[in-house]
Amino acid sequence: PPRDMKNVVLVCQLWREVGEAPRFWAWVVIRVTRRNMFTMPERLESRRMRAVRELRVTVEVSQEVLQAMARHQGLRVVKMATANLSLLDPGLLAMVVARSREVDLFGTQLIGQQLKAILTAISSGDSRLKKLAISVYKLSSFDLRLLSTALNRLKEVELWGLDLTLKPWEEFM
């Protein structure tokens, strides 16, 4: 059982080698907290964490953690709800989002460049993203064609707290 795996790898070197196989750790959900933030890049790159599919963040993410997330090939579900992401590199953040299947960015503090990079990555044919939950404010000054192209590529979208005040129709003609 999963609860015994931590003890299995402590029995002997052979059991550790077998127990470290990524397939035995796919059930793990990684949680990034203030307490483990500085060791998280190393943990994400460990052999046993290669098969982990879900990562949850509720704190400000460091650039190093985001880089480790980008290198992790197995992540499918990334939940960063309420995390402060405003200082992160837009391109790297967009790459993490586009590689995942499901991303929750509800309540995050994204800046315009990050949102544009994310929507551009989703719009590309390479994105694996199927489900996005996001809350962004003041989209009225944003490129609505890019927004619609990106959102049309997804199977499920949750939009929260948006200001989509549009210009009068004649201005689009």
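The values are calculated or read from the model by the stated rules, or taken from the named source; none is laboratory data. Everything numeric in this text was worked out from a predicted model, so none of it was measured. Counting neighbours? That spans all protein chains shown, and the Cβs are built from the backbone with ideal geometry, glycine included. These area figures cover heavy atoms from the full protein model, side chains too; ligands, DNA and RNA do not enter into them. Shrake-Rupley method; radii C 1.70, N 1.55, O 1.52, S 1.80 Å.
Of note:
- When the charge dipole of the chain is built from unit charges on Cβ atoms (+1 for Lys and Arg, -1 for Asp and Glu) and taken about the Cα centre, the candidate among THR39, GLY161, THR58 whose Cα reaches farthest toward its positive end is THR39.
- Note, ³J(HN,Hα) from phi for region 63-72, Karplus 6.51, -1.76, 1.60, rounded to Hz, x at Gly and Pro: 4, 5, 5, 4, 5, 5, 5, 5, 7, 6
- Summing charges over neighbours of PHE24, with a neighbour being any other residue whose Cβ is under 13 Å away from its Cβ, gives +4 when K and R count +1 and D and E count -1.
- The magnitude of the dipole of the chain, with charges of +1 and -1 set on the Cβ of Lys/Arg and Asp/Glu and taken from the Cα centre, is near 700 debye.
- Protein heavy-atom accessible surface, 1.4 Å probe, per residue over region 1-73: 67 Å².
- Accessible-area composition of the chain, carbon plus sulfur, in percent [1.4 Å probe]: 53 percent
- The mean of 1/r over all pairs of different alpha-carbon atoms in region 38-144, once inverted, gives a Kirkwood hydrodynamic radius of 13.9 Å.
- Centre-to-centre, using Cα atoms only, region 95-155 and region 1-37 are separated by 33 Å.
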